[in-house]
Amino acid sequence: MDWLIKLFTDTNSVAHIVLLYSVVISIGVLLGKVKICGISLGVTFVLFAGIIAGHIGFTGPVDILTFVQDFGLVLFVYCIGLQVGPGFFESFRKGGVTLNVLATVMIFLNIAVMFACYFIFFDTSDPINLPMMVGTLYGAVTNTPGLGAANEALGSVFPENQIPQIASGYACAYPLGVVGIIGATIAIRYICGISLDEEEEQLKLAEAENPHEKPHQLHLKVKNKYITGRSLMQISEFLNRDIVCTRILHEGNILTPNRDSVLEVDDEILVVCAEADAEAIQAFIGPQLDTPFEVEDKEQPMISKRIIVTNPRMNGKTLGKMHFSSVYGVNVTRITRQGIDLFASRGHHFHVGDKIMVVGPESNVNRVADLMGNSIKRLDAPNIATIFIGIILGILFGSIPFAIPGMPVPLKLGIAGGPLIVAIIIGRYGYRMKLVTYFTTSANMLLREVGLVLFLASVGVKAGAGFWNTVINGDGLLYVLTGFLITIIPILIIGSIARIRYKFNYFTIMGMLAGTCTDPPALAYANNLCSREAPAIGYSTVYPLSMFLRIFTAQLIVLFCCG
């Protein structure tokens with residue numbers, strides 16, 4: 001039995017360290033799936049499992065724990081950046097601007113409430129209290145990357161052996177943070193007198209009235225004599241709308257059109273356009289026909305085929321410059337990215353992983369399939385090089401010191417902020433650097449979750465020794481109270497403003513609040529109430545900017561106020 005005792009007590013052995021992480025992570029993940037009143041803590045329970053392990057003395061060397069903690073954090077925030085990068089800049093368009101402004105104000109309100117609680121409830125002469133309140137802040141808004149960023153920044157301010165274990169404040173505030181976010185959104189419903197059925201009906205009507213940019217197919221007969229003898233390119237330019245003509249029936253013959261194809265009166269055409277443009281295009285060209293379009297030519301059968309872009313050389317190329325119609329005799333009618341159908345406009349950039357609908361003669365479509373790759377197996381192989389190239393750039397960028405007047409030390413984005421910003425940029429513009437950033441959703445989630453649980457387990461084990469003393473003999477219950485205030489006050493203010501002042505749909509508000517707190521349980525609750533995508537849209541609109549600001553402000557607070 002000596003070997004078993006040694007395995008659990010010899011903290012310097014590799015086997016002991018691997019066993020420590022395996023036990024803490026597996027127990028934390030399993031317990032995190034337990035739901036109370038329909039709410040679970042998820043993988044964050046790994047933090048609590050680590051705290052218990054550290055409290056009973058099941059621990060490891062501090063330098064090893066610190067390395068695993070930091071590496072897990074880098075992996076986690078980098079994968080988040082890759083995920084949100086493609087939608088980060090697009091999230092500011094149209095109504096997204098208002099939602100992001102509201103999210104930004106809420107983030108700073110969280111910080112303001114934290115400082116108010118700090119000055120009201122705590123001894124400001126104690127240098128440990130403010131860092132602990134920072135940990136409480138990020139537990140209250142359930143934002144683990146912010147905790148990691150604050151933890152790292154504390155290393156620049158405090159001596160290595162005196163760094164406050166702010167995970168204790170985080171752990172105290174987190175459970176009520178999850179409950180408080182959901183509870184506060186429910187409170188907004190009653191404060192504003194909202195009916196869920198009416199909100200659902202409004203979403204239904206809004207979707208019918210605002211088709212956005214969904215692709216729409218029309219079978220038209222050319223009756224406008226003005227366009228006789230004019231090319232499809234000229235017609236598109238005159239309309240000032242993107243249209244894709246997939247087939248022309250001219251004097252009984254089916255033609256595969258290109259941009260120079262000419263229309264004549266009584267031609268029948270099959271057109272794909274943005275749904276919002278369908279009425280104007282029909283009014284200009286001619287009436288819509290209810291009869292089915294003759295889709296086949298015996299000598300040259302026409303097919304529609306969905307092709308997956310897997311050829312790295314296609315990454316970043318624009319649809320307009322590929323000349324599919326003139327060179328390959330086919331047309332691209334729509335593009336699907338991350339499950340969303342997009343109209344195939346000429347300025348669209350192809351990304352590896354896009355699915356494109358191609359229409360044309362079978363042999364020509366097959367040639368395009370070969371050109372674009374169309375190999376699912378290629379997508380199964382992760383682009384490991386991109387990950388580590390991005391991490392290298394992120395670490396270098398995060399290590400650049402920025403001297404700011406009034407700060408005791410230069411500002412550095414560090415191993416949390418640097419990789420996050422670089423990952424967002426690579427996720428959006430990586431094709432310009434010939435970097436393939438595509439990962440399957442499952443691959444991204446796996447790397448993210450592995451990085452997260454390694455980080456949480458390390459933080460928990462390191463904080464475990466002093467956690468019980470903090471809760472019972474220290475200010476633990478006060479952290480719980482202040483965390484709850486940090487959670488609910490900004491949500492009640494911003495949620496009410498979003499409803500009363502800006503008239504946002506309640507389900508969109510729920511998603512926006514969940515995204516601002518980067519809290520998946522709150523999004524899951526909203527999705528259970530709503531049969532449509534409004535909560536997910538609100539969540540994804542503000543999530544990228546919110547995640548960035550949570551991480552960035554964590555370091556600013558520590559460097560400005562804890563130095």
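If r is the Cβ-Cβ distance from Val97 to Ile497 and R0 is 22 Å, what FRET efficiency results, to the nearest 0.05? Could the numbers behind the result be given before it?
Values: r = 15 Å, r/R0 = 0.69.
According to the calculation, E is roughly 0.90.
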Sort Cys245, Cys192 from largest to smallest accessible area, using a 1.4 Å probe on the heavy atoms of the protein chains.
Cys192, Cys245
Can you tell me the length gained on complete extension of the stretch Arg367 to Tyr190, counting 0.36 nm per residue apart and subtracting the Cα distance?
57.8 nm
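Can you sort Lys221, Lys321, Lys6 by 1.4 Å-probe accessible area, starting with the largest?
Working: Lys221 60, Lys321 160, Lys6 125 Å².
Accessible-area ranking of Lys221, Lys321, Lys6, largest first: Lys321, Lys6, Lys221.
Provide the FRET efficiency to the nearest 0.05 for the Ala276-Ala385 pair, computing r from the beta carbons and using R0 = 45 Å.
Values: r = 41 Å, r/R0 = 0.91.
The calculated FRET efficiency here is 0.65.
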Any chance you could run the full-extension gain for Ile36 through Asp63? It's 0.36 nm times the residue separation minus the Cα-Cα distance, nm to one decimal.
6.1 nm
Keeping all protein chains in position, work out how much accessible area Thr66 exposes to a 1.4 Å probe, and write it in Å² to the nearest 10.
40
Whole-Hz couplings from phi, Karplus 6.51/-1.76/1.60, listed for the range 66-74; x for Gly and Pro
5, 4, 4, 4, 5, 5, x, 5, 4
Leaving ligands and nucleic acids out of the surface, order Val97, Val43, Val24 by accessible area at 1.4 Å, largest first.
Val97, Val43, Val24
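For the range 491-537, rounded, prolate or oblate, judged on the Cα gyration tensor with a ≥ b ≥ c (square roots of eigenvalues), a/c < 1.5 rounded, else prolate if a/b > b/c? Don't skip to the answer; put the middle values down first.
On the way: a/c = 2.36, a/b = 1.37, b/c = 1.72.
Oblate is the answer for the range 491-537, as a/c is 1.5 or above yet b/c matches or exceeds a/b.
Any chance you could run the full-extension gain for Arg532 through Ser231? It's 0.36 nm times the residue separation minus the Cα-Cα distance, nm to one decimal. Write down the numbers at each step before the final one.
Details: separation 301, 0.36 × 301 = 108.36 nm, distance 4.10 nm.
My answer for the length gained is 104.3 nm.
Report the chymotrypsin sites (Phe, Trp or Tyr not before Pro) located in the range 1-81 that are in a DSSP loop and have at most 15 other Cβ atoms inside 10 Å of their Cβ, or state none. Show your work: numbers first, answer last.
Working: sites: Trp3, Phe8, Tyr21, Phe45, Phe48, Phe58, Phe67, Phe71, Phe76, Tyr78; in loops: Phe58.
Sites meeting the loop and neighbour criteria: none at all.
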Could you tell me whether the range 1-78 comes out rounded, prolate or oblate from its Cα gyration tensor? Rule is a ≥ b ≥ c as square roots of the eigenvalues, rounded for a/c under 1.5, then prolate if a/b exceeds b/c, otherwise oblate.
oblate
Using every alpha carbon pair in the range 212-274, what percent of pairs falls into each 5 Å bin from 0 up to the bin containing the largest distance?
4, 18, 30, 31, 11, 5, 1, 0
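Where does each of 349-360, 119-130 land if you order them by average Cβ count within 10 Å, highest first? Let's see the in-between values first.
Values: 349-360: 21.8, 119-130: 12.8.
Answer by packing, highest mean first, reads 349-360, 119-130.
The values are calculated or read from the model by the stated rules, or taken from the named source; none is laboratory data. Being a predicted model, the structure only gives us computed values, none of them experimental. A quick note on method: Cβ atoms are made from the backbone with ideal geometry, for glycine too, and the neighbour counts reach across all protein chains shown. Keep in mind that these areas ignore ligands, DNA and RNA; they rest on the heavy atoms of the full protein, side chains included. Shrake-Rupley method; radii C 1.70, N 1.55, O 1.52, S 1.80 Å.
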